[in-house]
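Reading through the structure tokens given below for one structure.
The values are calculated or read from the model by the stated rules, or taken from the named source; none is laboratory data. Computed from a predicted model, the values in this text were never measured in an experiment. No Cβ is skipped: glycine too gets one built from the backbone with ideal geometry, and neighbour counts run over all protein chains shown.
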Amino acid sequence: MQLPIEDKTGKALNSKEVVVKSVNRIKSIIFEFWVFIIHLVGYIPSHHLRRFFYGLAGVKIGKGSSLHMGIRFYDPRNISVGNDTIIGEGTVLDGREKLMVGNHVDIASEVMIYNSKHDIENEYFLPVSSPVTIEDYVFIGPRSIILPGVKIGKGAIVAAAAVVTKDVPPFAIVAGVPAKIIGERKLKDLHYKLGRANWFR
């Protein structure tokens, strides 16, 4: 039986499709509320408590890593963070597709990492997603933006406020909008550790 209900593309829905869409919408609302709670957790001034709740939400966090206050997750379940990695205040971590952050990575404050965007050539403006990978010993400067599908190679440096639209080779230094290679990191044999987490940051 056709009902006088349409989806966002204008297609008429039958009763079974309406039920399926209704159930999916309820699940989506419950999930959105859970993500909102995790957002509030980001303002607890205790590194250890935040790590505990982020783990419950599905974020995989390696030994010695710290996620500072005010981080925003779009979907925590697809995010993994390696060992001895620091993620700064106010960062956006998009887990609508896989987001893999390596070991000894330093992500500064207010960085935005996205792995989903709208297809501007699609008549319904539908989303498309691609995983993002950030390899070991990368530094990403404050207020940088990493776009879907990007892989940042080992030891690379992303300058502050850069917009990274394509892969960054290992040890490259990139800057600008869109980000372009402006140099290369001379030291290739990296062994440093970023140090212990600030408990109340």
Worksheet, complete the sentence: Selection from the stretch 59-108 of residues under 19 Å from Trp34 (Cβ atoms), more than 13 Å from the chain's Cα centre (by Cα) and of a type in the set (Gly, Ala, Ser) yields Gly70
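Could you check, for the stretch 113-124, whether at least one of its residues is surrounded by fewer than 19 Cβ atoms within 10 Å (Cβ to Cβ), at positive phi and more than 17 Å from the chain's Cα centre (by Cα)?
No; the residues of the stretch 113-124 include none that is surrounded by fewer than 19 Cβ atoms within 10 Å (Cβ to Cβ), at positive phi and more than 17 Å from the chain's Cα centre (by Cα).
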Item to complete: Please state which one of Asp106, Asp94 is closer than 16 Å to Tyr137 by Cα, of a type in the set (D, E, K, R) and either at pLDDT 95 or above or in contact with a strand residue (DSSP E or B) (Cβ under 7 Å, 6 or more places away or on another chain) (or both).
Response: Asp106
Response to the item:
Of the residues in the stretch 174-199 that are in a strand (DSSP E or B) and over 21 Å from the mean Cα position of the chain (by Cα), the one that is nearest to Asn115 (Cα to Cα) is Lys180
Response to the item:
Restricting the stretch 28-64 to residues that are in contact (Cβ under 8 Å) with a residue 40 or more places away in the chain and in contact with a Ser or Thr (Cβ under 9 Å, 6 or more places away or on another chain), the one farthest from Tyr124 (Cα to Cα) turns out to be Gly64
Discussion item. Take the conditions free of Cβ contacts under 8 Å to residues at least 40 places away in the same chain, more than 13 Å from the chain's Cα centre (by Cα) and at negative phi and apply them to Ala156. Does it pass?
Written reply: yes
Worksheet item: Does Thr85 satisfy being without any contact (Cβ under 8 Å) to a residue 60 or more places away in the chain and closer than 20 Å to Leu194 by Cβ?
Response: no
Worksheet item: Which of the residues spanning the stretch 44-83 are assigned to a loop (DSSP other than H, G, I, E, B) and buried (at least 18 other Cβ atoms within 10 Å of the Cβ)?
Response: Val59, Ser65, His68, Met69, Ile71, Tyr74, Asp75, Gly82
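Can you spot a residue in the stretch 20-27 that is polar (S, T, N, Q) and either in contact (Cβ under 8 Å) with a residue 24 or more places away in the chain or not in a strand (DSSP E or B) (or both)?
There is at least one residue in the stretch 20-27 that is polar (S, T, N, Q) and either in contact (Cβ under 8 Å) with a residue 24 or more places away in the chain or not in a strand (DSSP E or B) (or both).
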Discussion item. Looking at the structure I just gave you, is Tyr124 in contact (Cβ under 8 Å) with a residue 40 or more places away in the chain and in contact with a His (Cβ under 9 Å, 6 or more places away or on another chain)?
Written reply: no
Worksheet item: Looking at the stretch 85-114, which of its residues are out of contact with any Phe, Trp or Tyr (no Cβ under 9 Å at 6 or more places or on another chain) and in a loop (DSSP other than H, G, I, E, B)?
Response: Thr85, Gly88, Glu89, Gly90, Thr91, Glu97, Lys98, Ser109, Glu110, Val111
